[in-house]
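Some notes on the structure that comes next.
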Amino acid sequence: IEKEVRARYQCHYNVRHPGECDGQSGYSVPKLDGIVEKVIRMKFAEITAASESEILANQHEKEIELARIKFERAKAHLSEKQHELDDYKGETLKVIRGQSKLSIDLLNSLVSDTEAAVATVQAEVKAAETEYSALLESADSLKREYDRLLSWADLYDNSTFEAKKMIVSQFVKAVRVARDYNIEIDFNVSFEEFK
């Protein structure tokens, strides 16, 4: 009688601590690998079904446009405040020459208030620019991740078993298996962005 050798994944925690884990102590390699491969193929199908422009349009286009508008408005507001400050300083020269009916105290107060407003608006411009730049960078990052996943999806179908495991190891952080082969997969990339 010849014995059949069957490969199994062993749950070392369950073996060392019986009864503390609700899962099995061993799982069939072909069955578990088959389940994980189905999930991977499903995720790759989601990626290839979504076009790059749809992804960028759905995720970032509106946010980027709003951030750009906010940045442009902040710059325009800063320009207005700086022009206002220049006008007050020009009027101060007229007061010194005796060509203005405004008092120097009033002008000093207006200049001081406007300088404070300019400083506040400059901070708003800087914050809006930072937000806008961060959104542009995240869009570029998402595009790079999309391109990388597309290349993996193309490679995956025509790869050997070992190559498939290497591809999967690039974006799967962990696979947890519970009783009856219920699995939970943690990914290194967010597939939610590509749906």
Cα-based equivalent ellipsoid, the chain: semi-axes from gyration tensor eigenvalues, Å
66, 20, 10
Compute the distribution of all C-alpha to C-alpha distances in region 127-195, in bins of 10 Å from 0, and list the percent of pairs in each, rounded to whole numbers.
17, 35, 29, 13, 5, 0
Count of lysine pairs in region 1-135 with Cα atoms under 28 Å apart, counting only pairs 8 or more residues apart in sequence or on different chains?
16
Round to the nearest 10 and give me the degree value, 0 to 90, for the angle of helix 104-157's Cα axis relative to the longest principal axis of the chain.
20
In what order, largest first, do 114, 92 sit by accessible area if the probe radius is 1.4 Å?
92, 114
Long-range amide H partners of residue 172, meaning residues 5 or more apart or on another chain whose placed amide H is closer than 5 Å, are 188
Can you give the helix-only mean residue ellipticity at 222 nm for the chain, where every DSSP H stretch with n ≥ 4 adds -39500 (n - 2.57) and the sum goes over all residues, rounded to the nearest 500 deg cm²/dmol?
-23500 deg cm²/dmol
Angle check, please: helix 161-171 long axis (alpha carbons) against the longest principal axis of the chain (alpha carbons), in degrees 0 to 90, nearest 10.
30
Quickly rank 33-40, 160-167 as a protection proxy: mean count of other C-beta atoms within 10 Å, highest first.
33-40, 160-167
For the chain, the longest principal axis of the Cα atoms and the Cα long axis of helix 62-97 enclose an angle in degrees, to the nearest 10, of 20
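The values are calculated or read from the model by the stated rules, or taken from the named source; none is laboratory data. Here the structure is a predicted model, which is why all the values come from computation and not from measurement. Using ideal geometry, Cβ is built from the backbone for each residue, glycine included, and neighbour counts are taken over all protein chains shown. Calculation scope for accessible area: heavy atoms of the full protein, side chains included, ligands and nucleic acids excluded. Shrake-Rupley method; radii C 1.70, N 1.55, O 1.52, S 1.80 Å.
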